[in-house]
Structures are given as structure tokens and as C-alpha cells.
1. May I ask you to list the residues in segment 48-91 that are among the aromatic types (Phe, Trp, Tyr) and within 27 Å of CYS127 (Cβ to Cβ)?
2. What are the residues in segment 91-120 that are β-branched (Val, Ile, Thr) and under 22 Å from LYS188 (Cβ atoms), if any?
3. I'm trying to understand the selection: among the residues of segment 108-125, which are out of contact with any helix residue (DSSP H, G or I) (no Cβ under 7 Å at 6 or more places or on another chain) and either of a type in the set (D, E, K, R) or at negative phi (or both)?
4. In segment 132-143, how many residues are of a type outside the set (D, E, K, R) and touching a helix residue (DSSP H, G or I) at 6+ places or on another chain (Cβ under 9 Å)?
5. Anything in segment 119-141 that is farther than 20 Å from ARG78 by Cα and free of Cβ contacts under 8 Å to residues at least 60 places away in the same chain? List them, or say none.
6. Among (1) open to solvent by 40 Å² or more (accessible area, probe 1.4 Å); (2) in a helix (DSSP H, G or I); (3) closer than 24 Å to ILE66 by Cβ; (4) not aliphatic (A, V, I, L, M), where does ASP171 come up short?
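The values are calculated or read from the model by the stated rules, or taken from the named source; none is laboratory data. Since the structure is predicted, the reported quantities are computational estimates derived from the model, not experimental observations. A quick note on method: Cβ atoms are made from the backbone with ideal geometry, for glycine too, and the neighbour counts reach across all protein chains shown. These accessible areas exclude ligands, DNA and RNA; they are computed on the full protein's heavy atoms, side chains included. Shrake-Rupley method; radii C 1.70, N 1.55, O 1.52, S 1.80 Å.
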Amino acid sequence: MTDPTLVQDKRIRRTKKLLRESLVCLLKEKDLKDITITDIVQQADINRGTFYKHYQYKEDLLGEVIDEVLLDLVDSYREPYRQVETFVVGDMVASTIKIFEHIAQYANFYEIVLKTDMLPGVQTKICNELKKLPIQDLVNTQQNNHINQELQSSYYAYAILGMIIEWVNEDFQHSPRYMAEQLLEIMKYNSLNVVYKINPNQMH
């Protein structure tokens, strides 16, 4: 016999998911201040009473949307080293890089954050998550003591965010797999002592 509590929990999760998706969809069209609870419930095909069972304000719903995305972002970032004791970048394979699959899953949200000014401050939150994870999770066994770890984390965070922004701005022209492969190639390439020849035609 099915546990009625589990059925209710599943129904609640589905309802809240519909409301989150409804809000994100509406944010692609207009500012949060112009979105009403009626707009949200009509988009989700849910009555107002159901909304108020779970949220008091639309801002509460938005906060849950952001929290969900950031939590999944962290999980996807950690995937390559989740099951290992020692993490070697050179041994990594593209299939373990899940961050671009995460971006694709929440494509509408990232389009709002990166292509509009609808959610000011959220891009900074995303970058802060990307900056703090290496410091929290990883201990570099070959750390150069002359390099400031926080600055190094910022360097990598903005590099990854730059790839994400480019991908979103190009309307996801490439597949998540391709983006993961490119990130891996760039990381491996940058781990080498690369010497550049200067193009004199660009120096005038």
C-alpha cells in the first residue's frame, strides 16, 4: 500500500516546481515588480490558495528558485572529485564535468541572469559560489606560495563564468558535452608552460 505521506510530499514537490518554473517563465517577459501572484498561478495552472499554502510573497518563491539553482550548481561543480581522495586535473575526463549540463537544465534562469537586468546581484552570487568552492574543497599539493589562493580562485571562477556567459549569449550553440570538452582542454593546456610568439602586426 502506498504511503499517503509520500504521495502528499510528491504532490507538494510537483506543485512547488510548477510555481518556480512559472515565475522563471514570467521573468523572461517582465520585471518581478510587475508580476502578480495571479500571473504566477495562472501560468502554473494552480489556484491562489495553493500558492499561499507554500509562500507568503512572490519574493519567497524567487528566493527558493535562486537557492535551488545555487545548490545544484555546487553539486555539479563538485561532481568530478566527489568520489575520489586525490583529484588530478590531468586525469579528468569530460564526462565528469557536469556544470554545463546544470546550465542547460536551468537555461531559462541563466538567460534571465546573464542576458537581462531582471535579477541584479544573482550573477555575483553565482561567481561567489564558484570562487569559494576550490578554497573550501581542494588542497593543492603543489601550491605556489607566491600565489594568493583567493585571487587564483577568482581567476578560475571568472574564467568558467566567462565561458558560461559566452555560451548563453550564443543561445547554447554548442552542446553541454562540447563545452565540457573545451573546458577540459583549456584547463590542461593552461597547466603547461606555454610560450607565446608576439604577432608584430598587432603591435602598431
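1. Answer for segment 48-91, where residues must be among the aromatic types (Phe, Trp, Tyr) and within 27 Å of CYS127 (Cβ to Cβ): TYR57, TYR77, TYR81, PHE87.
2. VAL93, THR96, ILE97, ILE99, ILE103, listed by residue number.
3. THR116, ASP117, PRO120, THR124
4. Number satisfying all stated conditions: 6.
5. Selection gives PRO120, GLY121, VAL122.
6. Unmet for ASP171, out of (1) open to solvent by 40 Å² or more (accessible area, probe 1.4 Å); (2) in a helix (DSSP H, G or I); (3) closer than 24 Å to ILE66 by Cβ; (4) not aliphatic (A, V, I, L, M): (2).
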